[in-house]
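Visitor: The structure that follows is given in the form of structure tokens.
The values are calculated or read from the model by the stated rules, or taken from the named source; none is laboratory data. What you are looking at is a predicted structure, and each value in this text was computed from that prediction instead of being measured. Here the Cβ positions follow ideal geometry from the backbone for every residue, glycine too, while neighbour counts run over all protein chains shown.
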Amino acid sequence: MQKIRLILALIFIIPTVNYAQELSKFGDVSKEELALKECAFDKDANAIVFLHEAVSDYDNTGALITIHHIRLKILKESGLDEANIEIPFYRKNDFEYIDKVEGLTINATADGNMTKDKLDKSTVYSKEIDKRFGEVFFAFPSVKVGSILEYKYRSTMKHYGGLDDWDFQGELPVVLSKYYLVILPGLEFAYLVNKRPDLAVVAKPVPDKGAIYFEMQNVPGLRREPYMDARKDYLQKVTFQLSKYKKSGSEEGYMSSWSEVNKQLMFDPVFGEQLKKNIHADELEPLLSSARSPQEKMKIVYDFVRGNMIWNRIHSKYSIDGVKEAWRKKTGTSGDINLLLVNMLQDAGLRAYPMLVSERAHGRINADYPFIDQFNSVYACVTIDSRNYYLDATDPYCPAHITPYDILNTTAFIVNKNSGELINIKNDSLQYTETIISNMDVKEDGSMKGTISVQSEDYARMERLQNAAEDKEKTKNSYFHIEGFPMEITDFKIKNKENDSLALEQEFEFAGQLNSSGDYKLVPLNFIPGFSKNPFISDHRFSNINFGYRRTFKLTSSIQLPDGLVPDNLPKAVRMTTPDNSFLFTRKLAYDSAFHIIDCNIYLAFNKSLFDAGDYDTLREVYKNIFAYLKEPILLKKR
């Protein structure tokens, strides 16, 4: 991705470029648009956006007013849901509202003309999503494949602090995306353009208007891909952040460097000042007095906060109402809970700091630009014997010694009294490890029963524990599904749930009927949880592949055969790897004819957690071979 950063202020020294700020004529559809049946630059798309444009300006109160205009077309039956429009807005303290909604459904007639059905304004509704967000929603009338849908609306925000990013790209392909932004006098914004090298972008100042104009054309849609980072990491877009403002006749810098970010946050009443609050937790003192090491002290405080606080599911970098109030209520945002955690860790004598994070689902940050809006939450960082521990007290499943999955392969910013520090978060010492032991007994009629034991360590333990807590039955049925062998699972048990230093053990018994092919019985070998379906089958890949952690699977199977059945040419031994050793697969089988037992050992290791999109062809081929080997059964025939 190319990134372009410029400063956007009221006055520019670049020569004037004449771009009108008026929107395109509403309902002015061309014959070419009416006749279009497929997007030339994104042939898989089920709908296409012909136009998304907006103009942002201010009124005499300094409010930010943005008018949006969108025109799209339904290309396939699967695209009919695009006729249901949802417009989110920030409703807390009446900061934003949406009005002036208009809509048209345009359909072609048999004689080549068109009909236009207006959106009934009585069908436009507004609802509350939560304390912060609301949503305006409506559905277009008379929609079918081939319909063109056009709508516009106005957003009014109290001030420019709500200035949103401008996304040129979405899930649907966009023919033309353009944005005209007028800046309120006295403010200066930095902006960052994120784009692919093969897509051109227009970014032209309009000095006499104190404005800037952005445009991009023929942008393919970006849809969800397996093991994808946040979609927005790959969106073609413009990001804005306030860089300067006028205060009492003088110019004030606002978080224009990382040291400035650190300084502002340390003295922020809803951030750094919260670390100075005195939190009374009398029941914590006797627990800490028994601690024999800093690590144990850290774990005690961490578990204490996790056990006493309830997360309200809101991500925040701040404690708006204060950590004392959050502690009194025993509930709060991620900012409330983790700033409270840092407060208590420091009070216990530990070197603990608040750490701004952008969780993987939120998106990567660009370390070259001190944009605080790149982060979505705050964690605690504890330094003990030159090692950093990263703690999120909103997570009930991640123990103190394991780096939370949501921040693996991300960049964070540690805030302290000095200058702050950007760090890259990885975890090479721990990985996702599962050991599977299966003992099977085959009968002459083709029935098979047995026992399976799975030991899940580190990140595997966390994932299995969370899934079991949410739905034990779903865990049992989804993770132990063997393709081509419908089996009944009984006596399902989970052990070591309370001790996070031990592997999580899952044990069960099973029974089922082997598939047959002619005179052969087919014994499946793929008893590795989570490998029932290949996620990498697409021909092309837009995003990186981020597993988060390294992964290792070990499968040991013992298959007892009856006297009347013998194997017919066991599957061959396999060893498959890549030149950089980022992947290894081995398979070995042996038959003991004296005891009628087949032993199978499969080892699967991913020694790399992050793959570039350019490595996709290699990874796809690796997965194709993995699943071919895993699906290869043992053929049994009559003696």
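Visitor: On the basis of being closer than 25 Å to P370 by Cα and at pLDDT 90 or above, does I436 make the cut? Full working, then the answer.
Guide: Values: closer than 25 Å to P370 by Cα: no; at pLDDT 90 or above: yes.
Taking the combined requirement at face value, the residue does not satisfy it.
Visitor: I'd like the full set of residues that are part of a loop (DSSP other than H, G, I, E, B), surrounded by 22 or more Cβ atoms within 10 Å (Cβ to Cβ) and not charged (D, E, K, R), limited to segment 380-401.
Guide: Keep residues of segment 380-401 that are part of a loop (DSSP other than H, G, I, E, B), which gives 385-386, 392-401.
Add one more test, that the residue is surrounded by 22 or more Cβ atoms within 10 Å (Cβ to Cβ), and what stays is 392-394, 398.
Residues satisfying the conditions are A393, T394, C398.
Visitor: Which numbered condition in (1) charged (D, E, K, R); (2) outside any strand (DSSP E or B); (3) surrounded by fewer than 19 Cβ atoms within 10 Å (Cβ to Cβ) is the only one that R461 fails?
Guide: (3)
Visitor: Can you tell me which residue in segment 552-564 is nearest to I436 (Cα to Cα), limited to those that are surrounded by fewer than 20 Cβ atoms within 10 Å (Cβ to Cβ) and out of contact with any Ser or Thr (no Cβ under 6 Å at 6 or more places or on another chain)?
Guide: Start the filter on segment 552-564 by keeping residues that are surrounded by fewer than 20 Cβ atoms within 10 Å (Cβ to Cβ), which leaves 552, 554, 556, 558, 560, 562-564.
Now drop any that are not out of contact with any Ser or Thr (no Cβ under 6 Å at 6 or more places or on another chain), which leaves 556, 558, 560, 562-564.
Values: T556: 6, S558: 11, Q560: 17, P562: 24, D563: 27, G564: 28 Å.
Ranking the qualifying residues of segment 552-564, first place goes to T556.
Visitor: For segment 351-365, state whether one or more residues are modelled with pLDDT under 95, of a type in the set (A, V, I, L, M, F, W, C) and out of contact with any Ser or Thr (no Cβ under 7 Å at 6 or more places or on another chain).
Guide: yes
Visitor: Of all residues in segment 301-320 being of a type in the set (V, I, T) and at pLDDT below 95, which is nearest to the chain's Cα centre (by Cα)? Full working, then the answer.
Guide: Initially, segment 301-320 is screened for residues of a type in the set (V, I, T), giving 301, 305, 310, 314, 320.
Filter once more, so that each one left must be at pLDDT below 95: 314, 320.
On the way: I314: 15, I320: 25 Å.
The qualifying residue nearest to the chain's Cα centre (by Cα) is I314.
Visitor: Mind counting the residues in segment 127-148 that are over 30 Å from T333 (Cβ atoms) and within 30 Å of the chain's Cα centre (by Cα)? Even if it seems obvious, please write down each step before you answer.
Guide: Residues of segment 127-148 that are over 30 Å from T333 (Cβ atoms), as a first pass: 138-148.
After this cut, where a residue has to be within 30 Å of the chain's Cα centre (by Cα) as well, the list is 138-139.
Total satisfying the criteria: 2.
Visitor: Moving on. Being more than 34 Å from the chain's Cα centre (by Cα), of a type outside the set (D, E) and part of a loop (DSSP other than H, G, I, E, B) is the filter here, so list the residues in segment 554-589 that pass it.
Guide: L561, P562, G564, N569, L570, P571, K572, A573
Visitor: Could you list, in sequence order, all residues of segment 284-319 that are surrounded by fewer than 17 Cβ atoms within 10 Å (Cβ to Cβ), in a loop (DSSP other than H, G, I, E, B) and touching a residue at least 12 places away in the same chain (Cβ under 8 Å)?
Guide: I314
Visitor: Another question, then. Among the candidates N601, N625, N581, N569, which residue alone is assigned by TED's automatic domain parsing to the domain that holds Y549, surrounded by fewer than 16 Cβ atoms within 10 Å (Cβ to Cβ) and in contact with a Ser or Thr (Cβ under 6 Å, 6 or more places away or on another chain)? Walk me through how you get there before you give the answer.
Guide: Details: N625 fails: in contact with a Ser or Thr (Cβ under 6 Å, 6 or more places away or on another chain); N581 fails: in contact with a Ser or Thr (Cβ under 6 Å, 6 or more places away or on another chain); N569 fails: in contact with a Ser or Thr (Cβ under 6 Å, 6 or more places away or on another chain).
Among N601, N625, N581, N569, only N601 is assigned by TED's automatic domain parsing to the domain that holds Y549, surrounded by fewer than 16 Cβ atoms within 10 Å (Cβ to Cβ) and in contact with a Ser or Thr (Cβ under 6 Å, 6 or more places away or on another chain).
Visitor: Something else: Does segment 518-527 contain any residue that is buried (at least 20 other Cβ atoms within 10 Å of the Cβ) and in a strand (DSSP E or B)? Give the derivation first.
Guide: Taking segment 518-527 as the starting set, the residues that turn out to be buried (at least 20 other Cβ atoms within 10 Å of the Cβ) are 521, 523-527.
With the extra rule that they be in a strand (DSSP E or B), the set shrinks to 521, 523.
So far as segment 518-527 goes, yes, one or more of its residues are buried (at least 20 other Cβ atoms within 10 Å of the Cβ) and in a strand (DSSP E or B).
Visitor: Out of all the residues in segment 332-352, which are free of Cβ contacts under 8 Å to residues at least 60 places away in the same chain and within 18 Å of S293 (Cα to Cα)?
Guide: Selection gives L345, G349, L350, R351, A352.
Visitor: Just give me the residues in segment 42-71 being of a type in the set (D, E, K, R), within 29 Å of the chain's Cα centre (by Cα) and either in a loop (DSSP other than H, G, I, E, B) or at pLDDT below 95 (or both), in sequence order.
Guide: D42, K43, D44
Visitor: Only one of Q455, Q506 is assigned to a strand (DSSP E or B) and in contact with a Leu (Cβ under 9 Å, 6 or more places away or on another chain). Can you tell me which? Talk me through it step by step, then tell me what you get.
Guide: Values: Q506 fails: in contact with a Leu (Cβ under 9 Å, 6 or more places away or on another chain).
Sole residue among the options that is assigned to a strand (DSSP E or B) and in contact with a Leu (Cβ under 9 Å, 6 or more places away or on another chain): Q455.
Visitor: Could you list, in sequence order, the residues of segment 219-241 that are within 19 Å of V174 (Cα to Cα) and part of a strand (DSSP E or B)?
Guide: Within segment 219-241, V219, K237, V238, T239 qualify.
Visitor: Tell me which residues, restricted to segment 191-218, are of a type in the set (G, A, S) and assigned to a strand (DSSP E or B). Please lay out each step first, then the result.
Guide: Here is the first cut: in segment 191-218, the residues of a type in the set (G, A, S) are 200, 203, 210-211.
Correct list: A203, A211.
Visitor: For a quick check of your reading of the model, give me the residue pairs whose first member lies in segment 522-546 and is not assigned by TED's automatic domain parsing to the domain that holds P220, whose second is among the charged types (D, E, K, R) and modelled with pLDDT of 90 or more, with beta-carbon atoms closer than 6 Å and at least 6 apart or on different chains.
Guide: Between residues of segment 522-546 that are not assigned by TED's automatic domain parsing to the domain that holds P220 and residues that are among the charged types (D, E, K, R) and modelled with pLDDT of 90 or more, the close pairs are F536/R620.
Visitor: Modelled with pLDDT under 90, buried (at least 16 other Cβ atoms within 10 Å of the Cβ) and over 24 Å from G162 (Cβ atoms): is that true of Y254 in this structure? Before you say what the answer is, go through the steps one by one.
Guide: Details: modelled with pLDDT under 90: yes; buried (at least 16 other Cβ atoms within 10 Å of the Cβ): yes; over 24 Å from G162 (Cβ atoms): no.
No: the conditions fail for Y254.
Visitor: Restricting attention to segment 480-510, which residues are within 24 Å of Y629 (Cα to Cα) and not small (G, A, S)? Talk me through it step by step, then tell me what you get.
Guide: At the first step, the residues of segment 480-510 found to be within 24 Å of Y629 (Cα to Cα) are 480-487, 510.
Across segment 480-510, the qualifying residues are F480, H481, I482, E483, F485, P486, M487, F510.
Visitor: Is one or more of the residues making up segment 122-139 in the same structural domain as A47 (by TED's automatic domain parsing), in contact with a Gly (Cβ under 8 Å, 6 or more places away or on another chain), at pLDDT 95 or above and closer than 19 Å to L75 by Cα?
Guide: no
Visitor: Test each condition in (1) buried (at least 16 other Cβ atoms within 10 Å of the Cβ); (2) assigned to a strand (DSSP E or B) for C39 and report the one that comes out false.
Guide: Answer for C39: the failing condition is (2).
Visitor: Would you check which residues across segment 321-349 are crowded, with 17+ Cβ neighbours inside 10 Å, among the β-branched types (V, I, T) and within 26 Å of the chain's Cα centre (by Cα) and list them?
Guide: T333, I337, V342
Visitor: Name the pairs: first residue in segment 62-79 and assigned by TED's automatic domain parsing to the domain that holds L23, second residue among the hydroxyl-bearing types (S, T, Y), Cβ to Cβ under 6 Å, at least 6 apart or on different chains?
Guide: Pairs found: A63/T156; L64/Y160; I65/T156; T66/S56; T66/S155; H68/Y153; I70/Y151; I74/S147.
Visitor: Right, another one. Looking for something part of a loop (DSSP other than H, G, I, E, B) and buried (at least 22 other Cβ atoms within 10 Å of the Cβ) - is there at least one such residue anywhere in segment 360-371?
Guide: Of the residues in segment 360-371, the ones part of a loop (DSSP other than H, G, I, E, B) are 360-371.
From the residues that got through so far, the ones that are buried (at least 22 other Cβ atoms within 10 Å of the Cβ) too are 365, 370.
Yes, there is a match, as at least one residue in segment 360-371 is part of a loop (DSSP other than H, G, I, E, B) and buried (at least 22 other Cβ atoms within 10 Å of the Cβ).
Visitor: Which ones in segment 346-362 are of a type in the set (A, V, I, L, M) and over 18 Å from K317 (Cα atoms)?
Guide: Pass one, segment 346-362, residues of a type in the set (A, V, I, L, M): 348, 350, 352, 355-357, 361.
Of everything in segment 346-362, those that are of a type in the set (A, V, I, L, M) and over 18 Å from K317 (Cα atoms) turn out to be A348, L350.
Visitor: Right, next: Every residue in segment 359-389 that is of a type in the set (D, E, K, R), closer than 23 Å to F547 by Cα and either in contact (Cβ under 8 Å) with a residue 60 or more places away in the chain or not assigned by TED's automatic domain parsing to the domain that holds S316 (or both), please. First the steps, then the outcome.
Guide: The initial filter retains those residues of segment 359-389 that are of a type in the set (D, E, K, R), namely 359-360, 364, 368, 373, 385, 387.
Going one step further and asking which of them are closer than 23 Å to F547 by Cα, we end up with 359-360, 364.
Residues satisfying the conditions are R360, R364.
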